[in-house]
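Take a look at the structure below.
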Amino acid sequence: MTAGPQLAIIVPTFNEAANVGVLVERLHAALGNTRWEVVFVDDDSPDGTAAEVRRLARQNPAVRCVQRIRRRGLASACIEGMLSTSAPYIAVMDADLQHDPSLLPAMLSLLENENLDVVIGSRYAEGGDASSFATDRAAKSALATRLSRRLVPADLKDPMSGFFMMTRDALEGAVRHLSGTGFKILLDLFASSPRPLVFRELPYNFGKRYAGESKLDNRALWDYGMLLLDKLVGRFVPVRFVAFIMVGGLGIFVHMAILAALHEGLGQSFVASQAWATLVAMTANFMLNNIVTYRDLALKGWAWVRGWFSFVLACSVGAVANVGVATWLFSQESDWFLAGFAGILVGAVWNYAVTRTYTWHANG
Ligand code: GDD
Ligand code: MN
């Protein structure tokens, strides 16, 4: 009997079929006699990454594949990969060879021999290099790093790194508190750990992507904002609710603009204008929530049509509840401001709770 792996490398993948084989070779070359395994967590990539990983796995028992269907997200993929291994040391790295596998042995020996929770491959530590980073990416990255300062230790130079190794203990302490949204799994880990994590940074050169293209687009910036918000206020209110309310606030402007255009501009009756404004505002809210609030669960095709219908239905009931509650409260207190506000609040909570479940089927 051979013992299980000492080190697991978790690699999230989306459309990386052309990279996984080379990465496995590089891991093999870098890790020598270490008992290791690599777990690719693939979100059902259309380019067939998962099939390619399984092909490699048939030749090499150190290779494993977790294939997730109808799921997206780098951080959540990493978490599921980490939970799928029994190795005492767990690394995370990208599939595209931008992270240097030859750093792994040094990371492992630091964790094994010193009292550390995490070792981070750092682009900004002394000797590190991120020059292959496009300048606008570098600027965004610097901004993101500054915003993260409330959540991570001040002396952590590269909290945005996607390349690190940690002990199982550190994972188990944090795993139930992880937010799991977006790209920033290391930041999430630091912000979610119940005790301060003891870390060390090792410089490395952030290389060029080997094949394929980056998945980090501007929407990743939104996800990042959501992660920060979740870590700051998530204990008190769900971040999706905050986003839902912000979208709802925009809906008021849409509504008033349509009402003004139809009633004032085109001279339509107030009732007809108000009805159209309501429908358009609801539709706009549905579309915005579908792209931002529920970006990870965004509906498409027929599911979009069905979702729109359920959204309009739920919000209509919400409007009735709003008016009902406000009317009742007004009859008790005759304070129009309080009554109006309470009505809106009840309607908003109802709309959020119902559409979260029935329109977007969210459970997290
Ligand atoms: N499973 C899964 N699901 N994997 C994903 C997803 C997803 O939705 N999106 C991206 N990935 C995988 C990619 O296939 C790749 O292996 C890795 O996550 C990183 O994605 P890239 O698209 O290559 O990101 P990047 O190079 O722009 O940014 C990376 O490096 C930065 C610096 O270390 C990321 O790791 C950033 O988080 C990091 O800050
Ligand atoms: Mn990359």
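The values are calculated or read from the model by the stated rules, or taken from the named source; none is laboratory data. On a predicted model such as this, the values are computed, not experimentally measured, just so you know. Reconstructed Cβ throughout: ideal geometry from the backbone, glycine too, with neighbour counts over all protein chains shown. Quick note on the areas: whole protein, heavy atoms, side chains included, nothing else; ligands and nucleic acids left out. Shrake-Rupley method; radii C 1.70, N 1.55, O 1.52, S 1.80 Å.
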Suppose a student asked you for the relative contact order of region 13-53, using Cα pairs under 8 Å spaced at least 6 residues apart; what percent would you report?
69 percent
Note the angle between two axes, namely the Cα long axis of helix 239-259 and the longest principal axis of the Cα atoms of the chain, as a number of degrees from 0 to 90, rounded to the nearest 10.
40 degrees
Mean Cβ count within 10 Å, highest first, over the residues of peptides 330-342, 239-251
239-251, 330-342
Hz values of 3J(HN,Hα) by residue in region 70-83 - Karplus curve (6.51, -1.76, 1.60), Gly and Pro given as x
6, 9, 9, x, 5, 5, 5, 4, 4, 4, 5, x, 4, 6
Against the longest alpha carbon principal axis of the chain, how many degrees, from 0 to 90 and to the nearest 10, is the axis of helix 17-31 turned?
40 degrees
Surface accessible to a 1.4 Å probe, per residue, for the residues of the chain, Å²:
51 Å²
May I ask you to compute the full-extension gain from residue 269 to residue 70, defined as 0.36 nm times their residue separation minus their alpha-carbon distance, rounded to one decimal in nm?
67.1 nm
Nearest 10 degrees, 0 to 90: helix 336-358 Cα axis against the chain principal axis
50 degrees
222 nm [θ] for the chain, helices only, -39500 (n - 2.57) per DSSP H run of 4+, per residue, to 500?
-17000 deg cm²/dmol
I'd like to compare 81-87, 38-44: which one has the highest average count of other Cβ atoms within 10 Å, and what's the full order after that?
38-44, 81-87
In whole angstrom, note down how far apart the Cα centers of region 60-94 and region 333-364 are.
38 Å
Heavy-atom accessible area of region 239-358 with neighbours in place, 1.4 angstrom probe: carbon+sulfur share in percent works out to 77 percent
For residue 9, distant residues with modelled amide H under 5 Å away
37, 38, 39, 91
Residue 157: which lysines have alpha carbons under 27 Å from its alpha carbon, excluding same-chain residues fewer than 8 sequence positions away?
140, 184, 208, 215, 231
Can you list residues whose amide H is under 5 Å from residue 98's amide H, if they're 5+ apart or on another chain and H is modeled 1.01 Å from N?
210
Here the relative contact order (percent) of the chain, from C-alpha pairs under 8 Å and at least 6 apart, is 14 percent
